[in-house]
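What follows is one structure encoded as structure tokens, with my remarks underneath.
Bear in mind that the values in this text are calculations on the coordinates, not laboratory data. On a predicted model such as this, the values are computed, not experimentally measured, just so you know. Positions of Cβ are backbone-derived with ideal geometry, glycine not excepted, and every protein chain shown enters the neighbour counts.
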Amino acid sequence: MKKPVPKIYRTTNWSSYNQALIKRGNISIWFDPKTQWYAQPQGKHGRNQTYSDAAIQCCLMIKSLFRLSLRMVTGFAQSLIKLCGLNWTAPDYSTLCRRQKRIDIAISYQQSRDGLHLLVASTGLKFLGEGEWKRKKHQPEYRRQWRKLHIGIDAKTLQIRAVQLTTNNVSDSQVLGDLLDQIPLDERIDSVYTEGAYDTKHCRQVILDRDAHAVIPPRKNAKPWKDKKLRSLERNELLKTVKRLGRSLWKKWSGYHRRSLVETKMHCIK
């Protein structure tokens, strides 16, 4: 049986189409004059830092974005500062090399106003070892090492709200509490969407402590929990619902499929 021929759509709005392609190559970089570029005195013994964490983070973002060396970052940042007409100086490469080891990265985000719907997932990152083709053809020469990246994103804005990097021997359920702690206490969490690996008493308790609703599918071999705590009662009711309606219908009814958004975010990171 032949596959159906996909339908071809002709481009009719050539003017808008051309402008969209042009905008893909547009790069706009600017510095806010109100930025605290230089570090403020700390009132401690010893020499104070010259540049603020915001300045160091800005240069490191340029390094990562354009894949530059530290010396090239200094020249690139200095040229941008000159184009903006600011009376600043760029950090030298030795300062960037020293400060990047202990800087606390501040990720800006848009705080949810009507309740946060948090999507949580994890993935493995290989940081030492051969490529897959070489390993398959010649067998591995030494043990490969991995790290696990755990992230939580806002279902509405798709912004990363929580991130944690662990070794590969740390289970997913152990990290959920740390991810929720990264959300400010004054921000309301409506629901937390995770996979079946988080179907534990600890995970459901930390979600309940934030007054949030846990959207976690029970495991296929799940059994009712015998204790009478609220987390167990809700989970036992969910187990009955899934057995009565079916797992597919429950996922549609609960909106569980929106968790695919965090999987897409993982592909963007990789």
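A straight Cα-to-Cα reach below 30 Å connects Lys63 with the lysines Lys23, Lys34, Lys82, Lys101, Lys126, Lys134, Lys148, Lys156, Lys265, Lys270, residues fewer than 8 places away in its own chain not being considered. Over the chain, dividing the summed -39,500 (n - 2.57) contributions of all DSSP H runs of at least 4 residues by the number of residues returns a 222 nm mean residue ellipticity of -11500 deg cm²/dmol. The value of relative contact order for segment 116-269, using C-alpha pairs under 8 Å at least six residues apart, is 22 percent.
Put simply, the amide H of Tyr38, placed in the peptide plane, has neighbours under 5 Å in Ser52, leaving out anything fewer than 5 places away on its chain.
Can you give the translational diffusion coefficient of segment 1-52 in µm²/s, computed by Stokes-Einstein from the Kirkwood radius over Cα pairs at 10 °C and 1.306 mPa s? Answer, rounded: 91 µm²/s. Summarising the amide proton neighbourhood of Gln159: residues at separation of 5 or more, or on other chains, whose placed amide H is nearer than 5 Å comprise Asp154. Sorting 61-70, 75-84, 191-200 by average packing, meaning the other beta carbons within 10 Å per residue, from highest down gives 191-200, 75-84, 61-70. Whole-Hz Karplus values for segment 28-44 come out as 10, 10, 9, 10, 7, x, 7, 5, 7, 6, 9, 6, 7, x, 8, x, 10 Hz, taken residue by residue from phi with 6.51 cos²θ - 1.76 cosθ + 1.60 and θ = phi - 60°; glycine and proline positions read x. Taking Ser94, Ser254, Ser16 in turn, the Gaussian network model of the chain (Cα-Cα springs below 10 Å) assigns the largest fluctuation to Ser16. Based on the Kirkwood approach, the hydrodynamic radius assigned to segment 218-270 is 12.9 Å, with every pair of different Cα atoms included. Length available on full extension from Leu68 to Lys201: 0.36 nm per residue minus the Cα-Cα distance, which gives 43.3 nm. Annotation: Cα Rg of the chain relative to the compact-globule expectation 2.2 N^0.38 Å equals 1.33. The alpha carbon convex hull volume per residue for segment 48-106 rounds to 86 Å³. Note on segment 1-72 and segment 185-229: Cα centroid distance 37 Å, given to the nearest whole angstrom.
Compared with the rule-of-thumb size 2.2 N^0.38 Å for a compact globular protein, segment 144-270 has a Cα radius of gyration ratio of 1.08. Taking the DSSP bridge list for segment 116-269 and keeping only pairs wholly inside it, about 70 percent are antiparallel.
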